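Down below is the structure, laid out as structure tokens.
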Amino acid sequence: FFLLLDAYLPLMSNAKERKYAVMADLGFSGVWTFLWFVCFCLLASQWSRTLDVRGIPQDAARATIAFSFFSIATWGILTYFALVRYRRGVADVTQSIYTEPPPEEHTPYPPTYAPSAYTPTTYSPYPSSAPDDFQQPPFTPSTITTTQPQGDYQPPTY
């Protein structure tokens with residue numbers, strides 16, 4: 001049940017349900033850790049008090065005690081992971097359904113930012129001794145030549 005719950009947990013949309021699921025996992029793991037500890041203590045105590053071992057397979061009894069000891073460690077680790085998940089909270093548990101695609105390395109359009117060699121020109125209201133780097137506009141009153149006389153206007157013929 002808890003294996004399926006761990007797989008379903010990132011897809012839960014309700015924060016309260018996620019919290020209850022994590023708390024149930026924490027509580028279940030904690031109770032089983034405690035029960036395996038009690039079982040280990042009881043088995044080790046009873047084995048140390050056993051005097052007549054003729055009818056008892058000794059290897060099986062020792063294996064049972066070792067199994068209960070390693071179960072304490074296993075359930076303790078599971079309890080620790082459940083505690084970490086509980087402390088992490090709701091924000092990191094959810095799995096994003098939509099993720100942005102990675103940016104393309106080669107785009108067909110140039111970047112929208114200025115190149116690194118760009119140095120903006122500062123304009124001063126005072127004339128400077130530096131030469132101007134711009135051209136004169138192509139049409140100024142001094143360069144316009146009229147082909148028609150200033151007199152009578154002749155409309156074009158079509």
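The values are calculated or read from the model by the stated rules, or taken from the named source; none is laboratory data. Owing to the predicted nature of the structure, the values given are computational and were not obtained by experimental measurement. Cβ coordinates were reconstructed from backbone atoms using ideal geometry, including for glycine residues, and neighbour counts include every protein chain displayed.
Assorted remarks:
- Qualifying positions in region 1-11 - surrounded by 13 or more Cβ atoms within 10 Å (Cβ to Cβ) and free of Cβ contacts under 8 Å to residues at least 24 places away in the same chain: 5, 6
- Filter pass, residue 21 being of a type outside the set (Ser, Thr, Tyr) and either within 29 Å of residue 6 (Cα to Cα) or in contact (Cβ under 8 Å) with a residue 24 or more places away in the chain (or both): yes
- Members of region 12-40 that are more than 15 Å from residue 80 (Cα to Cα) and surrounded by 15 or more Cβ atoms within 10 Å (Cβ to Cβ): 12, 18, 19, 21, 36, 37, 39, 40
Here's the yes/no breakdown for (1) in contact with a helix residue (DSSP H, G or I) (Cβ under 6 Å, 6 or more places away or on another chain); (2) modelled with pLDDT under 80; (3) in a helix (DSSP H, G or I); (4) surrounded by 11 or more Cβ atoms within 10 Å (Cβ to Cβ):
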| residue | (1), (2), (3), (4) |
| --- | --- |
| 48 | no, no, yes, no |
| 63 | no, no, yes, yes |
| 68 | yes, no, yes, yes |
| 87 | no, no, yes, no |
| 99 | no, yes, no, no |
| 102 | no, yes, no, no |
